[in-house]
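Just so you know, all these numbers are worked out from the coordinates, no wet-lab data involved. Keep in mind that this is a model prediction, so the values were computed, not measured. A quick note on method: Cβ atoms are made from the backbone with ideal geometry, for glycine too, and the neighbour counts reach across all protein chains shown.
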Amino acid sequence: MLEELKKPPGRRILVCPTCGSHDVTYYMGLKMGYQYQCKSCNYVGALVLEEDI
Ligand SMILES: [Zn+2]
C-alpha cells in the first residue's frame, strides 16, 4: 500500500506483445500516427502492452 504512494504518477514501460521485451521505442508512422517498434524482434505496430513501474 505504502509503496504505491512512492511511485511517481504516469511512470510506465512499454512491453512488446510479441516477444515480451521491454526494449520498445516510439516509432513514427506515416499516416497512422505514432507506432511502436520492438528492437528485439523488430515488431512494429500500434499495439503494445503497458506495465506500471
Ligand atoms: Zn518484440
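Assorted remarks:
- Under the simplified labelling scheme, the LEU47-GLN35 pair shows an inter-label distance of 1.4 nm, with each label point 7 Å from Cα along Cα→Cβ.
- Highest average first, the peptides 15-25, 39-49 ordered by how many other beta carbon atoms sit within 10 Å of their residues are 15-25, 39-49.
- Both numbers refer to the Cα atoms of segment 13-53; Rg and Dmax are 9.6, 31 Å.
- Karplus 3J(HN,Hα) series, Hz, for segment 38-53 with 6.51 cos²θ - 1.76 cosθ + 1.60 (x for Gly, Pro): 8, 7, 7, 10, 6, 5, 10, x, 7, 9, 9, 8, 10, 10, 6, 7
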